[in-house]
1. Cα centroids of segment 145-216 and segment 301-364: how far apart, whole angstrom?
2. How much FRET efficiency would the formula 1/(1 + (r/R0)^6) give for ALA45 and ARG369, where r is the Cβ-Cβ distance and R0 is 30 Å, rounded to 0.05?
3. Around PRO29, what is the net charge, scoring Lys/Arg as +1 and Asp/Glu as -1 over all other residues with Cβ under 13 Å from its Cβ?
4. Send over a whole-number figure in Å² for the accessible area per residue of the chain, probe 1.4 Å.
5. Give a quick list of trypsin sites (Lys or Arg not before Pro) in segment 313-373 that DSSP marks as loop, anything other than H, G, I, E or B, with at most 12 other Cβ atoms within 10 Å.
6. Leaving out ligands, DNA and RNA, and with a 1.4 Å probe, what % of the accessible surface on the chain is carbon or sulfur?
7. Show me, for segment 6-21, the HN-Hα J-couplings you get by feeding each phi into the Karplus relation (A = 6.51, B = -1.76, C = 1.60, θ = phi - 60°), rounded to Hz, glycine and proline as x.
8. Along the Cα-to-C-beta direction of GLN79, a point sits 7 Å from the Cα; which residues of segment 177-197 have their amide N less than 20 Å from that point?
Amino acid sequence: MTPILAVGVMSGTSLDGVSTALVQLTDDPLEARLVAFRQDAYAAAERGQIIEAIARGGSRDLALLHVALGERFAGAVLQLLAAAKVAPREVAFVASHGQTVWHEPGRATLQLGDPAVIAERVGVRVVSDFRARDVAAGGQGAPLVPLADVLLFGHPERGRLLLNIGGMANVTYAPRLGVTEGALAFDTGPGVAVVDAVTRRIDPAARFDLDGERARRGKPARKVLEALLADSYFAAPPPKSTGREHFGPDYAARLVDDVKRGGGSDNDAVATATALTVETIARGIERWIRAGPEDELVMSGGGARNPWLVEQLAARVAPRPLVPFERLFFDGEAKEALAFAFLGFLTTLGKPGNLPPATGARGPRVLGRITPA
Ligand SMILES: Nc1ncnc2c1ncn2[C@@H]1O[C@H](COP(=O)(O)OP(=O)(O)O)[C@@H](O)[C@H]1O
Ligand SMILES: [Mg+2]
(Lines give C-alpha, C1' and ligand atoms only; values in the text may rest on other atoms or scores of the structure.)
(Ligands and ions follow the chains in the order given, each with its own letter.)
Protein backbone atom coordinates (compact mmCIF):
# COMPACT_ATOMS: atom_id res chain seq x y z
CA MET A 1 0.00 0.00 0.00
CA THR A 2 1.08 3.58 -0.47
CA PRO A 3 2.31 5.02 2.82
CA ILE A 4 -0.12 7.09 4.88
CA LEU A 5 0.56 9.74 7.51
CA ALA A 6 -1.00 9.69 10.97
CA VAL A 7 -0.51 11.57 14.22
CA GLY A 8 -0.27 9.92 17.65
CA VAL A 9 -1.07 12.08 20.70
CA MET A 10 -0.05 11.01 24.17
CA SER A 11 -0.35 12.62 27.57
CA GLY A 12 1.03 10.28 30.20
CA THR A 13 0.54 9.81 33.92
CA SER A 14 3.53 12.01 34.76
CA LEU A 15 1.45 14.98 33.50
CA ASP A 16 4.56 16.61 32.09
CA GLY A 17 2.81 17.60 28.88
CA VAL A 18 1.56 16.48 25.47
CA SER A 19 3.67 14.37 23.13
CA THR A 20 2.74 14.31 19.44
CA ALA A 21 4.30 12.11 16.77
CA LEU A 22 3.81 12.33 13.02
CA VAL A 23 4.15 8.79 11.74
CA GLN A 24 4.35 7.23 8.32
CA LEU A 25 2.66 3.82 8.09
CA THR A 26 2.30 1.08 5.52
CA ASP A 27 0.76 -2.38 5.83
CA ASP A 28 4.16 -3.67 6.94
CA PRO A 29 4.51 -2.70 10.63
CA LEU A 30 8.28 -2.66 10.27
CA GLU A 31 8.00 0.28 7.93
CA ALA A 32 6.42 2.49 10.63
CA ARG A 33 8.60 5.57 10.63
CA LEU A 34 8.76 8.62 12.89
CA VAL A 35 8.59 11.71 10.67
CA ALA A 36 8.38 14.43 13.35
CA PHE A 37 7.97 14.68 17.09
CA ARG A 38 6.99 17.43 19.50
CA GLN A 39 6.65 17.80 23.24
CA ASP A 40 4.48 20.58 24.65
CA ALA A 41 5.06 20.95 28.37
CA TYR A 42 2.14 21.79 30.64
CA ALA A 43 2.66 25.01 32.56
CA ALA A 44 2.81 24.44 36.32
CA ALA A 45 -0.63 26.06 36.76
CA GLU A 46 -2.12 23.90 34.04
CA ARG A 47 -0.68 20.74 35.59
CA GLY A 48 -2.03 21.87 38.96
CA GLN A 49 -5.52 22.25 37.47
CA ILE A 50 -5.43 18.76 36.02
CA ILE A 51 -4.19 17.24 39.28
CA GLU A 52 -6.85 19.16 41.18
CA ALA A 53 -9.65 18.06 38.82
CA ILE A 54 -8.49 14.45 39.13
CA ALA A 55 -8.26 14.60 42.92
CA ARG A 56 -11.31 16.66 43.83
CA GLY A 57 -13.12 17.66 40.67
CA GLY A 58 -16.88 17.43 40.35
CA SER A 59 -18.83 16.71 37.17
CA ARG A 60 -18.47 20.29 35.95
CA ASP A 61 -14.69 20.35 36.44
CA LEU A 62 -14.30 17.10 34.55
CA ALA A 63 -16.61 18.18 31.73
CA LEU A 64 -14.66 21.43 31.30
CA LEU A 65 -11.33 19.59 31.51
CA HIS A 66 -12.50 17.17 28.78
CA VAL A 67 -13.05 20.07 26.38
CA ALA A 68 -9.96 22.04 27.49
CA LEU A 69 -7.71 19.00 26.94
CA GLY A 70 -9.34 18.43 23.55
CA GLU A 71 -8.32 21.99 22.64
CA ARG A 72 -4.83 21.42 24.03
CA PHE A 73 -4.35 18.21 22.02
CA ALA A 74 -5.74 19.81 18.85
CA GLY A 75 -3.35 22.75 19.29
CA ALA A 76 -0.40 20.39 19.75
CA VAL A 77 -1.34 18.46 16.59
CA LEU A 78 -1.66 21.66 14.54
CA GLN A 79 1.73 22.90 15.77
CA LEU A 80 3.35 19.57 14.95
CA LEU A 81 1.91 19.64 11.44
CA ALA A 82 2.91 23.26 10.89
CA ALA A 83 6.49 22.53 12.00
CA ALA A 84 6.63 19.48 9.72
CA LYS A 85 5.06 21.47 6.84
CA VAL A 86 2.33 18.89 6.44
CA ALA A 87 -1.27 19.98 5.74
CA PRO A 88 -4.03 18.38 7.83
CA ARG A 89 -5.64 16.98 4.67
CA GLU A 90 -2.50 14.87 4.14
CA VAL A 91 -3.14 13.13 7.46
CA ALA A 92 -5.29 9.97 7.46
CA PHE A 93 -6.19 10.08 11.15
CA VAL A 94 -5.20 11.33 14.59
CA ALA A 95 -4.87 8.69 17.32
CA SER A 96 -5.40 10.32 20.70
CA HIS A 97 -4.76 8.45 23.91
CA GLY A 98 -6.15 11.21 26.12
CA GLN A 99 -5.29 12.03 29.71
CA THR A 100 -6.08 9.30 32.21
CA VAL A 101 -8.12 10.75 35.07
CA TRP A 102 -9.09 7.46 36.64
CA HIS A 103 -7.63 3.98 36.30
CA GLU A 104 -9.08 1.29 38.49
CA PRO A 105 -7.76 -1.96 37.06
CA GLY A 106 -10.46 -4.40 36.04
CA ARG A 107 -13.27 -1.95 36.74
CA ALA A 108 -12.91 1.32 34.90
CA THR A 109 -10.42 3.50 33.13
CA LEU A 110 -11.22 6.98 31.84
CA GLN A 111 -9.25 9.23 29.50
CA LEU A 112 -10.28 12.83 28.83
CA GLY A 113 -9.56 15.11 25.85
CA ASP A 114 -12.65 15.37 23.68
CA PRO A 115 -12.05 13.79 20.24
CA ALA A 116 -14.90 15.89 18.82
CA VAL A 117 -12.86 19.02 19.54
CA ILE A 118 -9.77 17.52 17.87
CA ALA A 119 -11.79 16.47 14.79
CA GLU A 120 -13.40 19.93 14.59
CA ARG A 121 -10.16 21.92 14.98
CA VAL A 122 -7.85 19.73 12.89
CA GLY A 123 -10.42 18.49 10.38
CA VAL A 124 -9.11 14.93 10.56
CA ARG A 125 -10.73 11.66 11.68
CA VAL A 126 -9.85 10.80 15.29
CA VAL A 127 -9.38 7.40 16.94
CA SER A 128 -9.66 7.66 20.73
CA ASP A 129 -10.68 5.78 23.88
CA PHE A 130 -8.38 2.87 23.24
CA ARG A 131 -8.68 1.33 26.67
CA ALA A 132 -12.44 1.00 27.12
CA ARG A 133 -13.08 -2.03 24.92
CA ASP A 134 -10.35 -4.05 26.58
CA VAL A 135 -11.90 -3.29 29.99
CA ALA A 136 -15.33 -4.29 28.67
CA ALA A 137 -13.74 -7.60 27.62
CA GLY A 138 -12.55 -8.27 31.17
CA GLY A 139 -9.10 -6.71 30.77
CA GLN A 140 -7.38 -3.90 32.61
CA GLY A 141 -7.22 -1.70 29.53
CA ALA A 142 -3.49 -1.45 30.18
CA PRO A 143 -0.75 -1.72 29.22
CA LEU A 144 -1.59 -1.26 25.52
CA VAL A 145 1.80 -0.44 24.03
CA PRO A 146 2.96 -4.12 24.23
CA LEU A 147 1.50 -5.21 20.87
CA ALA A 148 3.34 -2.35 19.19
CA ASP A 149 6.49 -3.32 21.14
CA VAL A 150 6.33 -6.88 19.82
CA LEU A 151 5.40 -6.01 16.24
CA LEU A 152 7.69 -3.00 15.80
CA PHE A 153 10.56 -3.20 18.27
CA GLY A 154 11.26 -6.87 19.05
CA HIS A 155 14.65 -8.41 18.27
CA PRO A 156 14.62 -10.36 14.97
CA GLU A 157 16.31 -13.42 16.45
CA ARG A 158 16.00 -13.46 20.21
CA GLY A 159 14.16 -12.12 23.22
CA ARG A 160 14.13 -8.44 24.08
CA LEU A 161 12.68 -6.48 27.00
CA LEU A 162 11.16 -3.09 26.27
CA LEU A 163 10.92 -0.84 29.28
CA ASN A 164 9.15 2.50 29.26
CA ILE A 165 9.76 4.69 32.29
CA GLY A 166 6.97 7.26 32.27
CA GLY A 167 4.84 8.23 35.28
CA MET A 168 4.38 4.49 35.70
CA ALA A 169 6.92 1.99 34.39
CA ASN A 170 5.97 -0.88 32.15
CA VAL A 171 7.91 -3.69 30.61
CA THR A 172 7.15 -5.88 27.60
CA TYR A 173 8.87 -9.16 26.92
CA ALA A 174 8.99 -9.76 23.17
CA PRO A 175 10.15 -13.33 22.53
CA ARG A 176 11.03 -12.35 18.96
CA LEU A 177 10.07 -9.62 16.51
CA GLY A 178 6.45 -10.13 15.40
CA VAL A 179 5.85 -13.14 17.68
CA THR A 180 3.02 -12.54 20.16
CA GLU A 181 3.02 -16.11 21.47
CA GLY A 182 4.90 -16.06 24.78
CA ALA A 183 4.89 -12.27 24.95
CA LEU A 184 4.10 -10.75 28.33
CA ALA A 185 3.82 -7.21 29.67
CA PHE A 186 2.78 -5.38 32.82
CA ASP A 187 3.32 -2.23 34.85
CA THR A 188 6.21 -2.85 37.23
CA GLY A 189 4.95 0.00 39.45
CA PRO A 190 5.87 3.66 39.65
CA GLY A 191 8.22 5.06 37.03
CA VAL A 192 8.90 8.71 37.75
CA ALA A 193 5.51 9.76 39.18
CA VAL A 194 6.62 9.20 42.79
CA VAL A 195 10.09 10.69 42.19
CA ASP A 196 8.42 13.75 40.62
CA ALA A 197 5.85 14.12 43.41
CA VAL A 198 8.45 13.73 46.17
CA THR A 199 10.66 16.34 44.47
CA ARG A 200 7.72 18.78 44.14
CA ARG A 201 6.76 18.28 47.74
CA ILE A 202 10.26 19.28 48.79
CA ASP A 203 10.59 22.05 46.21
CA PRO A 204 7.21 23.20 44.83
CA ALA A 205 8.91 25.15 42.04
CA ALA A 206 10.69 22.07 40.66
CA ARG A 207 9.25 20.11 37.72
CA PHE A 208 11.21 16.97 38.56
CA ASP A 209 14.54 15.84 39.98
CA LEU A 210 16.58 17.38 37.16
CA ASP A 211 19.22 14.90 35.98
CA GLY A 212 18.69 12.95 39.21
CA GLU A 213 20.88 15.39 41.14
CA ARG A 214 18.92 15.18 44.39
CA ALA A 215 18.78 11.39 44.36
CA ARG A 216 22.51 11.27 43.60
CA ARG A 217 23.28 13.37 46.67
CA GLY A 218 20.87 11.49 48.91
CA LYS A 219 20.87 7.99 50.32
CA PRO A 220 17.87 5.65 50.20
CA ALA A 221 16.28 5.14 53.62
CA ARG A 222 16.58 1.35 53.84
CA LYS A 223 13.74 0.70 56.29
CA VAL A 224 11.30 2.90 54.41
CA LEU A 225 12.31 1.30 51.12
CA GLU A 226 11.78 -2.19 52.52
CA ALA A 227 8.32 -1.25 53.76
CA LEU A 228 7.43 0.21 50.35
CA LEU A 229 8.66 -2.92 48.59
CA ALA A 230 6.27 -5.00 50.72
CA ASP A 231 3.31 -3.40 48.86
CA SER A 232 1.05 -6.18 47.56
CA TYR A 233 1.11 -4.66 44.06
CA PHE A 234 4.69 -5.85 43.54
CA ALA A 235 3.96 -9.40 44.71
CA ALA A 236 0.89 -9.78 42.48
CA PRO A 237 1.34 -11.72 39.23
CA PRO A 238 0.52 -10.18 35.83
CA PRO A 239 -1.76 -9.13 34.29
CA LYS A 240 -1.45 -5.97 36.33
CA SER A 241 -1.45 -2.24 35.79
CA THR A 242 -1.42 0.74 38.09
CA GLY A 243 -1.56 4.51 38.20
CA ARG A 244 -1.57 7.72 40.19
CA GLU A 245 -4.56 6.42 42.19
CA HIS A 246 -2.07 4.16 44.00
CA PHE A 247 1.35 5.73 43.35
CA GLY A 248 0.40 9.39 43.38
CA PRO A 249 0.89 12.56 45.46
CA ASP A 250 -0.55 11.06 48.68
CA TYR A 251 1.77 8.09 48.42
CA ALA A 252 4.70 10.48 47.86
CA ALA A 253 3.69 12.61 50.86
CA ARG A 254 3.71 9.53 53.12
CA LEU A 255 7.11 8.53 51.73
CA VAL A 256 8.58 11.95 52.57
CA ASP A 257 7.08 11.86 56.08
CA ASP A 258 8.45 8.37 56.73
CA VAL A 259 11.94 9.27 55.55
CA LYS A 260 11.94 12.46 57.64
CA ARG A 261 10.65 10.64 60.71
CA GLY A 262 13.62 8.27 60.43
CA GLY A 263 16.01 11.23 60.39
CA GLY A 264 16.51 11.34 56.61
CA SER A 265 16.98 14.46 54.48
CA ASP A 266 14.98 15.84 51.54
CA ASN A 267 17.44 14.30 49.13
CA ASP A 268 17.22 10.97 50.95
CA ALA A 269 13.48 10.98 50.20
CA VAL A 270 14.14 11.51 46.48
CA ALA A 271 16.83 8.80 46.59
CA THR A 272 14.34 6.43 48.25
CA ALA A 273 11.70 7.07 45.58
CA THR A 274 14.28 6.55 42.83
CA ALA A 275 15.53 3.34 44.44
CA LEU A 276 11.93 2.09 44.64
CA THR A 277 11.54 2.54 40.87
CA VAL A 278 14.84 0.82 40.12
CA GLU A 279 14.26 -2.09 42.48
CA THR A 280 10.67 -2.78 41.40
CA ILE A 281 11.61 -2.75 37.71
CA ALA A 282 14.44 -5.22 38.36
CA ARG A 283 12.35 -7.48 40.60
CA GLY A 284 9.38 -7.42 38.24
CA ILE A 285 11.57 -8.68 35.42
CA GLU A 286 13.31 -11.31 37.56
CA ARG A 287 10.12 -12.57 39.05
CA TRP A 288 7.62 -12.66 36.21
CA ILE A 289 9.50 -12.81 32.95
CA ARG A 290 11.30 -15.81 31.52
CA ALA A 291 13.85 -13.86 29.51
CA GLY A 292 17.33 -15.16 28.80
CA PRO A 293 20.11 -13.50 30.84
CA GLU A 294 21.52 -11.99 27.63
CA ASP A 295 18.20 -10.58 26.41
CA GLU A 296 18.70 -6.83 26.37
CA LEU A 297 16.60 -4.32 28.26
CA VAL A 298 15.74 -1.42 25.96
CA MET A 299 14.72 1.71 27.81
CA SER A 300 12.53 4.64 26.74
CA GLY A 301 10.38 7.36 28.35
CA GLY A 302 11.29 10.45 30.31
CA GLY A 303 12.80 8.39 33.13
CA ALA A 304 15.56 7.40 30.72
CA ARG A 305 16.60 11.09 30.76
CA ASN A 306 17.45 10.80 34.45
CA PRO A 307 21.12 9.72 34.40
CA TRP A 308 21.22 8.71 38.06
CA LEU A 309 18.17 6.48 37.69
CA VAL A 310 19.70 4.93 34.56
CA GLU A 311 23.06 4.37 36.28
CA GLN A 312 21.39 2.65 39.22
CA LEU A 313 19.19 0.53 36.98
CA ALA A 314 22.12 -0.53 34.79
CA ALA A 315 24.06 -1.66 37.88
CA ARG A 316 21.03 -3.49 39.27
CA VAL A 317 20.19 -5.47 36.11
CA ALA A 318 23.82 -6.22 35.11
CA PRO A 319 25.03 -8.33 33.37
CA ARG A 320 21.82 -7.88 31.35
CA PRO A 321 22.61 -5.09 28.88
CA LEU A 322 20.62 -1.86 29.35
CA VAL A 323 20.29 -0.11 26.00
CA PRO A 324 18.71 3.30 25.30
CA PHE A 325 15.81 2.97 22.85
CA GLU A 326 17.21 5.77 20.66
CA ARG A 327 20.39 3.79 20.06
CA LEU A 328 18.28 1.21 18.17
CA PHE A 329 15.34 3.26 16.89
CA PHE A 330 14.49 6.94 17.49
CA ASP A 331 13.93 9.38 20.38
CA GLY A 332 12.56 7.18 23.15
CA GLU A 333 10.22 9.92 24.35
CA ALA A 334 8.32 9.59 21.06
CA LYS A 335 7.78 5.86 21.43
CA GLU A 336 4.37 5.90 23.11
CA ALA A 337 2.90 8.54 20.79
CA LEU A 338 4.11 6.52 17.79
CA ALA A 339 2.74 3.32 19.35
CA PHE A 340 -0.74 4.88 19.65
CA ALA A 341 -0.60 6.01 16.02
CA PHE A 342 0.14 2.38 15.19
CA LEU A 343 -2.72 1.15 17.40
CA GLY A 344 -5.04 3.67 15.74
CA PHE A 345 -3.95 2.29 12.38
CA LEU A 346 -4.90 -1.23 13.50
CA THR A 347 -8.32 0.13 14.56
CA THR A 348 -8.94 1.74 11.17
CA LEU A 349 -8.05 -1.61 9.55
CA GLY A 350 -10.43 -3.47 11.87
CA LYS A 351 -7.56 -5.31 13.55
CA PRO A 352 -7.16 -5.97 17.29
CA GLY A 353 -4.72 -3.81 19.25
CA ASN A 354 -4.58 -5.42 22.67
CA LEU A 355 -2.29 -8.23 23.83
CA PRO A 356 -4.59 -10.37 26.01
CA PRO A 357 -1.84 -11.85 28.25
CA ALA A 358 -0.80 -8.26 29.06
CA THR A 359 -4.23 -6.82 29.83
CA GLY A 360 -6.08 -9.95 30.94
CA ALA A 361 -8.85 -9.43 28.37
CA ARG A 362 -10.84 -12.47 27.25
CA GLY A 363 -9.38 -12.14 23.79
CA PRO A 364 -8.07 -9.84 21.09
CA ARG A 365 -10.28 -6.79 20.51
CA VAL A 366 -10.44 -3.97 17.99
CA LEU A 367 -9.82 -0.93 20.22
CA GLY A 368 -11.15 2.59 20.28
CA ARG A 369 -13.89 4.79 18.91
CA ILE A 370 -13.77 6.70 15.67
CA THR A 371 -14.90 10.31 15.34
CA PRO A 372 -15.31 11.23 11.66
CA ALA A 373 -13.44 14.23 10.30
N1 LIG B 1 16.59 15.74 32.54
C2 LIG B 1 15.77 14.99 33.29
N3 LIG B 1 16.13 14.65 34.55
C4 LIG B 1 15.32 13.91 35.32
N5 LIG B 1 14.11 13.47 34.93
C6 LIG B 1 13.69 13.77 33.70
C7 LIG B 1 14.49 14.56 32.81
N8 LIG B 1 13.79 14.71 31.64
C9 LIG B 1 12.61 14.05 31.81
N10 LIG B 1 12.54 13.50 33.04
C11 LIG B 1 11.43 12.73 33.63
O12 LIG B 1 10.55 12.30 32.61
C13 LIG B 1 9.21 12.54 33.00
C14 LIG B 1 8.30 12.57 31.79
O15 LIG B 1 8.34 11.30 31.20
P16 LIG B 1 7.24 10.77 30.19
O17 LIG B 1 7.83 9.63 29.46
O18 LIG B 1 6.72 11.91 29.38
O19 LIG B 1 6.12 10.25 31.17
P20 LIG B 1 4.56 10.10 30.86
O21 LIG B 1 4.46 9.22 29.66
O22 LIG B 1 3.97 9.49 32.08
O23 LIG B 1 4.08 11.51 30.60
C24 LIG B 1 9.29 13.80 33.82
O25 LIG B 1 8.17 13.97 34.66
C26 LIG B 1 10.59 13.57 34.57
O27 LIG B 1 10.37 12.78 35.72
MG1 LIG C 1 4.77 12.66 29.06
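The values are calculated or read from the model by the stated rules, or taken from the named source; none is laboratory data. Keep in mind that this is a model prediction, so the values were computed, not measured. Note that each Cβ is placed from the backbone with ideal geometry, even for glycine, and that neighbours are counted across all protein chains shown. Note: accessible area is taken over every heavy atom of the protein model, side chains too, but ligands, DNA and RNA are not part of it. Shrake-Rupley method; radii C 1.70, N 1.55, O 1.52, S 1.80 Å.
1. Segment 145-216 and segment 301-364 have Cα centres spaced 6 Å from each other.
2. Once the sixth-power term is evaluated, E becomes 0.45.
3. With Lys, Arg at +1 and Asp, Glu at -1, the neighbours total -2.
4. 41
5. Passing sites in segment 313-373 are ARG362.
6. Heavy-atom surface of the chain belonging to carbon and sulfur, 1.4 Å probe: 52 percent.
7. My calculation for segment 6-21 gives 9, 10, x, 10, 9, 9, x, 5, 6, 6, 7, x, 10, 9, 10, 10 Hz in order.
8. Those under the cut-off are none; the list is empty.
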